[in-house]
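Following: one structure in structure tokens, then a few remarks.
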Amino acid sequence: MVPNRHYVSTGSGKIRDKQMMPSPSFLTRCVLFFMALLISVQPVMAQSILRDAETEAFLADLSVDIIQAAGLEPRHVQIVLINDPEINAFVAGGQIVYMHSGLITAAKNANEVQGVIAHELGHVVGGHVIRINEGAKAATGISLLSLALGVVAIAAGAGDAGAGIMAAGQQAAMGKFLAFSRTQEASADAAGASYLAKARVSGKGLISFFKTLQNVEFRYAIPQDDSYGRTHPLTGERVANLQHVVEQDPAWNRPTDPALEARFQRVKAKLMGFVSDPPQTLKTYPVSDVSIPARYARAYAWHRSAYPEKALEEADALLQMVPNDPYFLELKGQILLESGRPKDALPILREANNRTLSQPLIAALFGHALVATDDKANLAEAARVLKASVGRDNENPFAWYQLGVVYERQGDLPRAQLATAERYSLMGRPQLALPSAQAAMTGIPQGTPDWIRAQDIAMASRSALENSRGRRR
């Protein structure tokens, strides 16, 4: 995981459990509710998405059987990692599961993460994001009825009674909506347990992770005796409802594949090394621990602390333990590149790129190193590598940025502008994507694939800007 390969996109998700503040009207309360919904789990506007080749490959392998058990096609399902320390996961429409980095670092084993994925797939298959309008419609009906009755009472001279009717109706409406949300959560729990059973994956992780959440709630003194004001059922109730089901499943005592568990511990340590404060990482993984996960975590901690030699020592030790591991090669190449030694990084990243058959994120890093040498002799290779990267994964703004640099240095300004338009479009900045796309269209032959792509970006950006202006009116 490297900073220059993180990007921000758009979306929304489910709200976390939190106290609802009183407000003067149901409409205002709904506005507050949905604002909290957007702010609390919006990965796309306020938080960065962490992208890493090893982590994405691990999550795909970890979830493939569960996705198939849910009746979905694995190649159409994404598991996206959000840079957020809170323990949370959510869906926001489509077949995408968003998972916070805090959930991965809090999970004790791979099976716990599988349990969370199974639960979120329950929301996907149940179409819960789409069906949220059903709950809002029912709640609005209650609110409107209480408003009408209240107005009648006030008109008849019973002002206090009318105000009371309206207040009670608003409370009942919000309760109706929250009850709808809790029903969806319970449904996702049951569906997730069934997917685990069908995939022959133990449900122990699902139960143990809920217990971890319950311990967090105890720590923060969150009430455990009243679910009325919550979007989720009480955690204790969820455990009680699920445990007798998953314990009866034949897969209950089935262990996780040791190789998959070892990969989880690597990814968890790598992630902690990247997102946690270096002193915390070094405390969790002290130098006395010479295991692969510990060395992995320390390598990132030392690199982030600007101690490249110590980081390289850990990377070299990892390569001695597992020679030619492409992700350890990627790590060493990244350290060299970001320490101002791009020429030294080239052979290492080239090997990592070859061993992963040009995995797009690793190819983008390799392309960056080629550009960073400032050697014109490397531009042709950089262009090939970066074109291959965006050709297989065109949602990486950093790769588009590097490709734009290559085009500019080669004197191909129209395609440099097109690459810039692609980057800004991915970043959700239509006001910058539009002029870049328009400039690209003036220099690229009309009707060619690149010209058509620039036209598409221009049209999409113009539409986004018009919609934005319409919302402001």
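Descriptive notes on the structure:
- Inter-residue pairs, beta-carbon under 6 Å, first farther than 16 Å from Ala315 by Cα and in the same structural domain as Glu313 (by TED's automatic domain parsing) and in region 279-296, second at pLDDT below 95 and not in a loop (DSSP other than H, G, I, E, B), 6+ apart: none
- Test result for Ala380, free of Cβ contacts under 8 Å to residues at least 12 places away in the same chain, of a type in the set (A, V, I, L, M) and either in the same structural domain as Tyr327 (by TED's automatic domain parsing) or in a helix (DSSP H, G or I) (or both): yes
- Restricting the first member to region 89-100 and to residues that are outside the structural domain of Gln78 (by TED's automatic domain parsing) and within 14 Å of Ile66 (Cβ to Cβ), and the second to residues that are part of a strand (DSSP E or B) and modelled with pLDDT under 90, no beta-carbon pair is closer than 8 Å while six or more apart or on different chains.
- Among (1) surrounded by fewer than 16 Cβ atoms within 10 Å (Cβ to Cβ); (2) of a type in the set (Gly, Ala, Ser); (3) within 25 Å of the chain's Cα centre (by Cα) - the single one Ser389 does not satisfy: (1)
- None of Glu313, Glu330, Glu309 is out of contact with any His (no Cβ under 9 Å at 6 or more places or on another chain), surrounded by 14 or more Cβ atoms within 10 Å (Cβ to Cβ), over 23 Å from Ser101 (Cβ atoms) and of a type outside the set (Ser, Thr, Tyr) except Glu313.
- Residue in region 112-123 that is surrounded by fewer than 20 Cβ atoms within 10 Å (Cβ to Cβ), of a type outside the set (Val, Ile, Thr), in contact (Cβ under 8 Å) with a residue 60 or more places away in the chain and closer than 23 Å to Lys270 by Cβ present: no
- Residue count for region 432-450 under the criterion of being surrounded by fewer than 18 Cβ atoms within 10 Å (Cβ to Cβ) and more than 16 Å from Pro397 (Cα to Cα): the result is 10.
- Flag if Arg462 is in a helix (DSSP H, G or I), out of contact with any strand residue (DSSP E or B) (no Cβ under 8 Å at 6 or more places or on another chain), modelled with pLDDT of 95 or more and surrounded by fewer than 20 Cβ atoms within 10 Å (Cβ to Cβ): yes
- Among the residues of this structure, Val290 does not count as one that is β-branched (Val, Ile, Thr) and touching a helix residue (DSSP H, G or I) at 6+ places or on another chain (Cβ under 7 Å).
- Leu403 at pLDDT 95 or above and either farther than 22 Å from Ser436 by Cα or assigned by TED's automatic domain parsing to the domain that holds Arg75 (or both): no
- Of the helices (runs of 4 or more DSSP H) lying entirely inside region 229-330, those carrying at least 3 residues that are touching an Asp or Glu at 6+ places or on another chain (Cβ under 6 Å) and at pLDDT 95 or above are 292-304.
Residue-by-condition table, conditions (1) part of a strand (DSSP E or B); (2) among the small types (Gly, Ala, Ser); (3) modelled with pLDDT of 95 or more; (4) closer than 15 Å to Gly126 by Cβ:
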site	(1), (2), (3), (4)
Ala60	no, yes, yes, no
Asp65	no, no, yes, no
Gln68	no, no, yes, no
Gly71	no, yes, yes, yes
Asp84	no, no, no, no
Ile87	no, no, no, no
Phe90	yes, no, no, yes
Gly93	no, yes, no, yes
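- Unique residue being in contact with a Gly (Cβ under 8 Å, 6 or more places away or on another chain) and within 23 Å of Glu351 (Cα to Cα) when the list is Ala317, Ala297, Ala311: Ala297
The values are calculated or read from the model by the stated rules, or taken from the named source; none is laboratory data. Quick caveat: nothing in here was measured; it's all calculated off a predicted structure. Glycine gets a Cβ as well: all are built from the backbone with ideal geometry, and neighbour counts include every protein chain shown.
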